[in-house]
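Written out below as structure tokens is the structure these notes cover.
Read-outs throughout are calculated quantities, based only on the coordinates presented, and are distinct from any laboratory measurement. Since we're looking at a predicted model, the values are computed, not measured. Every residue, glycine among them, receives a Cβ derived from its backbone with ideal geometry; neighbour counts consider all protein chains shown.
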Amino acid sequence: MSAPLCKKEFFVQEFDFEHAGKAASDMRKLLMDYGFDQQIVRRLAIAAYEAEMNMVIHGFGGTLIMEINFEYIELVAKDNGPGISDLKLAMQEGFSTASDEIREIGFGAGMGLPNIKRCVNFLGIETKPGQGTVVTMRVDLGPDAI
């Protein structure tokens, strides 16, 4: 595998709702500046936002890494959280482990992972209870991507 054309790392803080979504927004702006197709940018921005919010709410913070390659753009979200105890259940729309306080401020609807899955060509999730979660997302680049 060749080296990425661009690699950028964004740090995400636990429960930092004031800055939640900033990494996804910065990533979106960078992709737009590079001239990527708006549909590809939109899909990646949604996936990045959902992953970022999961790190803010559930994952004790973490990092979101974007790599631009010739064939695809990959996002990797690595959190410091408790892991996902039942991945199959977590992939179901509407399932959430968010607290009542999180839901009261408008988050925790249980759509994060299902929304990511809809937006990417590849979704890989590595998780172990007590050891955090790594979510790998990939969007393929066709001939009209830029």
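Numbers for the structure displayed
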{"quantity": "Qualifying residue in segment 126-137 (condition: surrounded by 14 or more Cβ atoms within 10 Å (Cβ to Cβ), over 17 Å from GLY62 (Cβ atoms) and of a type in the set (A, V, I, L, M))", "calculated": "no"}
{"quantity": "Residue among MET53, MET32, MET91 that is crowded, with 20+ Cβ neighbours inside 10 Å and of a type in the set (A, V, I, L, M)", "calculated": "MET53"}
{"quantity": "Unique residue being out of contact with any Pro (no Cβ under 8 Å at 6 or more places or on another chain), surrounded by 13 or more Cβ atoms within 10 Å (Cβ to Cβ) and farther than 15 Å from ASN115 by Cβ when the list is ALA48, ALA23", "calculated": "ALA23"}
{"quantity": "Selected residue [surrounded by 16 or more Cβ atoms within 10 Å (Cβ to Cβ), of a type in the set (Ser, Thr, Tyr) and outside any strand (DSSP E or B)] from SER96, SER85", "calculated": "SER96"}
{"quantity": "Residue match in segment 54-76 (condition: out of contact with any helix residue (DSSP H, G or I) (no Cβ under 9 Å at 6 or more places or on another chain), under 29 Å from GLY94 (Cβ atoms) and among the charged types (D, E, K, R))", "calculated": "yes"}
